[in-house]
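The values are calculated or read from the model by the stated rules, or taken from the named source; none is laboratory data. Just so we're clear, the structure is a prediction, and the values are computed from it rather than from any experiment. So basically every Cβ, Gly included, is an ideal-geometry build from the backbone, and we count neighbours across all protein chains shown. Accessible surface is based on the protein model in full, side chains and every heavy atom, while ligands, DNA and RNA are left aside. Shrake-Rupley method; radii C 1.70, N 1.55, O 1.52, S 1.80 Å.
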Amino acid sequence: MLELVNISKNYNPGSVNELCLFKDFNLTIEGGEFVSVVGSNGSGKTSMLNIICGSIDVDGGKILVGGQDITPRKDYIRQRRIGRVYQDPAKGTCPAMTILENLSLADNKGKPYNLGRGVNKARTEAYREMLRPLNLGLEDKLGVQVGSLSGGQRQALALLMATMTPIDFLILDEHTAALDPKTAEIIMELTDRVVREKKVTTIMVTHNLRYAVEYGTRLLMMHEGKVILDKAGAQKKQLDTEEIMGIFNRISVECGN
């Protein structure tokens, strides 16, 4: 279980550009949930992810995982148990290294490296078996540099790498936004399969309202640092894209856009 308790976050405090994004923000995410998060730019979606991952500090409140306060922990400590896939396919993988080398790095996440070999060739066949279900031909390209892959292939690889070792949470930060529509569909289908198979608690920020409605077990809509819509289970299944778009449009009108 993840709990954000009375979170406060101010940007540029004391300046003319001061912005209070979160004030006494509370959110609980149960273990095993697949939460889709939507909202306009500046609503707090990515800031919430960064707070969970420790990329930005909070000014007040606590972050609890399984009842344990992780607020003081540095980001590199937290990310031993967090997998994250970014919007930019260039992130999450090392372009100058081969697929085999990237998978070996991910396989060693959270483990001491010491002075041993970085690549365990004994795991090569296991890596091929991991890649084969992606249906992207990557199992036959273990010696190819990741930088030469397409954006979709890199995102698929990044998703696999993020979930290779046991993690508490999978964080998806608009991970289909930079892809063409056909490739985005492939990555979303892969995402759904991985989340179901791994049974990993997942938070997905997306601007694609259809994906938010079709995928996941819970949908949140954020606006100005608040959750203004929270639907799960049967209530979420009754939602449709037009309804979510209508709420977006009303918010836009109220904000003068």
field: Considering only the chain, percent of DSSP beta bridges that pair antiparallel, nearest 5
entry: 55 percent
query: What are the extents of the Cα atoms of the stretch 171-223 along their three principal axes, listed from largest to smallest and rounded to whole Å?
result: 30, 27, 17
Cα centroid of the stretch 50-87 to Cα centroid of the stretch 201-246, whole Å: 23 Å
Solvent-accessible area of Glu214 with every protein chain in place, 1.4 Å probe, in Å² to the nearest 10: 110 Å²
- prompt: Rank Thr206, Thr241 by accessible area, highest first, at a 1.4 Å probe radius?
  reply: Thr241, Thr206
message: Pairwise over distinct Cα atoms, reciprocal of the mean inverse distance: report the Kirkwood radius of the stretch 145-257 in Å, one decimal place.
response: 15.6 Å
- request: Return the carbon/sulfur percentage of the accessible area of the stretch 58-182, one whole number, probe 1.4 Å, all protein chains in place.
  value: 51 percent
- request: Show Met161, Met1, Met188 ordered by accessible area, largest first, where the area counts protein heavy atoms only and the probe is 1.4 Å.
  value: Met1, Met161, Met188
Proximal lysines to Lys121, defined as alpha-carbon separation beneath 24 angstrom and excluding residues fewer than eight positions away on the same chain: Lys109, Lys111, Lys141
³J(HN,Hα), Karplus 6.51/-1.76/1.60, whole Hz, each residue of the stretch 126-132, x for Gly, Pro: 5, 5, 4, 5, 5, 7, 4
query: Comparing Thr124, Thr46, Thr202, which has the greatest mean-square fluctuation in the GNM of the chain with Cα pairs linked when under 10 Å apart?
result: Thr124
- prompt: Tell me, what ³J(HN,Hα) does each residue in the stretch 166-171 have, in order and in whole Hz, if you take phi through Karplus 6.51 cos²θ - 1.76 cosθ + 1.60 with θ = phi - 60° and put x for Gly and Pro?
  reply: x, 10, 8, 9, 10, 10
- request: Evaluate the Debye formula for the stretch 42-190 with equal point scatterers sitting on the alpha carbons, no solvent, and hand back log10 of I(q)/I(0) at q = 0.09, 0.13, 0.15 Å⁻¹, in q order, two decimals.
  value: -0.32, -0.64, -0.83
task: Could you give the size of the charge dipole of the chain about its Cα centre, using +1 on the Cβ of each K and R and -1 on the Cβ of each D and E, expressed in debye and rounded to the nearest 20?
output: 800 debye
statement: Rounded to 0.05, the calculated FRET efficiency for the beta carbons of Asn6 and Arg193 at R₀ = 30 Å is 0.25
field: With at most 10 other Cβ atoms within 10 Å, longest stretch of the chain clear of loop trypsin sites (Lys or Arg not before Pro) (DSSP)
entry: 118-198
- prompt: So for Tyr86, Tyr211, Tyr76, what's the accessible-area order with a 1.4 Å probe, most first?
  reply: Tyr76, Tyr86, Tyr211
field: Sequence-separation-based contact order of the stretch 129-237, relative, with Cα cut under 8 Å and 6+ spacing, percent
entry: 19 percent
task: Report the net charge of residues surrounding Asn12, where surrounding means a beta-carbon distance below 15 angstrom and charges are Lys +1, Arg +1, Asp -1, Glu -1.
output: -2
- line: accessible surface per residue for the chain, probe 1.4 Å, DNA/RNA/ligands not counted, whole Å² -> 51 Å²
field: Amide H within-cut-off set for Met97, under 5 Å, with H built and near neighbours excluded
entry: Val146, Gly147
message: Please report Rg (one decimal) and Dmax (integer) in Å for the Cα set of the stretch 33-108.
response: 15.0, 42
